[in-house]
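Report on the following structure.
The values are calculated or read from the model by the stated rules, or taken from the named source; none is laboratory data. Just so it is clear, the structure is predicted and the values come from calculations on it, not from any experiment. All Cβ positions, even for glycine, are placed from backbone atoms using ideal geometry, and neighbour counts span all protein chains on display. Quick note on the areas: whole protein, heavy atoms, side chains included, nothing else; ligands and nucleic acids left out. Shrake-Rupley method; radii C 1.70, N 1.55, O 1.52, S 1.80 Å.
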Amino acid sequence: MTASRAPAEPEVREFEATVESVDGREVVLSETYFYAESGGQPADRGTIDGVLLDDVVERDGRVVHVLDEEPPGSLAVGETVSAIVDDAFRTYCARAHTASHVLYGAARRTCEDLGYAGFDISAEKVRVDLTTAEPLDDEDLVELERLANRAVWDSLPVSWETLPADEARAVDGIAFNAKTEEGAMSGGDAVRVVTVGGSGAGDGSEAGGGDDDAAPAWDVAACGGTHVRNTSEIGPVSVLDRSNPGEGVTRVEFAVGPTAIDHDAAVHAAALDAATSLDARVGDLPDAVERLRGEVDRLEGELREARADLLTARLAEFPTAEVDGATWAVGTVDCADPNDLREPAEALLAGDGEGSDATDGAPDAVAAVGEGDAPFVVVAVADGATGGDDASGEGLDAGAVVRAVTDEFGGGGGGGPTFAQGGGLDADPDAVAAWLRDR
Ligand SMILES: [Zn+2]
């Protein structure tokens, strides 16, 4: 029993073989065209004498077919059985797998210090891990996708041959990786070399003008998987995403087949939708979005200013009260963030309000109680009123006033002599304002 014949003859979908051993649900055949899971390519699906396969694994150099159920009596040692390789899944795997070579070939043309760090095919998508000098960005992804699809359109031949290990390692630019090498090296000292494009190290023909005239290959790799014969069989390649699973490694996720087609349609629809919303063409979306962001920034700035003006006007309307010989402006205000009151309060104390050009008419201190679900208090004291030289012999202290409020009404807060704030008051804002006036 040798390794699977699938990599060498990937078109075979039906074959007959002799049962060599049966152990529970595990069957070994005289030869097989089922691919055993290896190097990131999943095991084939299919049937042996009508019994579904659950898995195909390579163990001790033998391909073991794990049946989905106990084998029927007809499936016994020495009997000839008929096997069918699931066409849809194998075709998908061969196309997806070859696409990974094509994508790597594209990366050869765009990335510096390129290396191969892993590969995996799932039913929905394929991932290729690349090591590169610089992390790949969105632009790199778009270029990889573009080049890969060009290589598909160019209908490059895909060929394979088995070379002695030394010879294989000497092939110019050949990609090796620990995982697929396992499958590629299954023949001992021999290495399976897969070539995409060019005259190919893999087509065995050296006729004609010799190696010097050979077109350069798109990609050459040591690989034991199943591949299509021509890149045109791959169909559209759609890059889905990128991530960085480790230092210096970029993981590129892509799709072929229906997943790729559906993904591209969804992206196209989203782009058209966005373009309609912005009254722009798809190609002009970046400019349109940039204009929109600039507009949002400008409007946010205007809104901030308008709010500040509104709060300043509101504070100017506060009734004043004499408390311990100082003039206090006290009132309630509809404002979500206490910090928004700082500048308007300072402006009021400085006499910057409308109609006044001096601090004569300005109060010594202002206390604003925030309305809403979470009442708060903000206290600001004019610079000149904080010292110890006023009539009472005691300066005003914003922090002390806020502490007095939170002692009376709950909550907490703090601040310095000129500005302080407290929150979490458990009281009606009007009651807090009244208390501040009548201290
Ligand atoms: Zn391969």
- Query: Among ASP279, ASP219, ASP120, which one moves the most in a GNM of the chain with springs linking Cα atoms closer than 10 Å?
  - Reply: ASP279
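Rank by packing, highest mean first: peptides 263-269, 12-18, 248-254, with packing defined as the count of other Cβ atoms within 10 Å averaged across residues. Could you put the intermediate results ahead of the total?
On the way: 263-269: 12.4, 12-18: 14.3, 248-254: 20.0.
The densest-packed peptide leads the list: 248-254, 12-18, 263-269.
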- Message: Probe radius 1.4 Å, ligands and nucleic acids ignored: give me the carbon and sulfur share of the accessible area of the chain as a rounded percent.
- Response: 46 percent
- Query: Applying 1/(1 + (r/R0)^6) with R0 = 51 Å to the Cβ-Cβ distance of GLU11 and GLU290, what FRET efficiency is obtained, to the nearest 0.05?
  - Reply: 0.50
- Provide the solvent-accessible area of SER232, counting protein heavy atoms only and rolling a 1.4 Å probe, rounded to the nearest 10 Å². 60 Å²
- Item | Using alpha-carbon coordinates, inclination of helix 87-108 to the longest axis of the chain, degrees | 70 degrees
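Rounded to the nearest 500 deg cm²/dmol, what is the calculated helix-only ellipticity per residue at 222 nm for the chain, with -39500 (n - 2.57) per DSSP H run of length n ≥ 4?
Using -39500 (n - 2.57) per qualifying helix, the result is -10000 deg cm²/dmol.
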- Note on the structure: Put PHE318, PHE176 in order of accessible area, largest first, probe 1.4 Å, and you get PHE176, PHE318
- Message: So with the 1.4 Å probe, I'd like the accessible area per residue for the chain, rounded to whole Å².
- Response: 51 Å²
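Quick check on packing: order 291-302, 411-422, 366-377 by the mean number of other C-beta atoms within 10 Å, highest mean leading.
Put in order of decreasing packing, that is 366-377, 411-422, 291-302.
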- Treating only Lys and Arg (+1) and Asp and Glu (-1) as charged, each at its beta carbon, one finds that the chain has a dipole about its Cα centre, in Debye to the nearest 20, of 1260 debye
- Message: Springs between alpha-carbon pairs under 10 angstrom, Gaussian network model over the chain: which of ALA43, ALA123, ALA365 fluctuates most?
- Response: ALA365
- For 84-90, 280-286, 154-160, ranked highest to lowest by mean beta-carbon neighbours within 10 Å, the order is 154-160, 84-90, 280-286
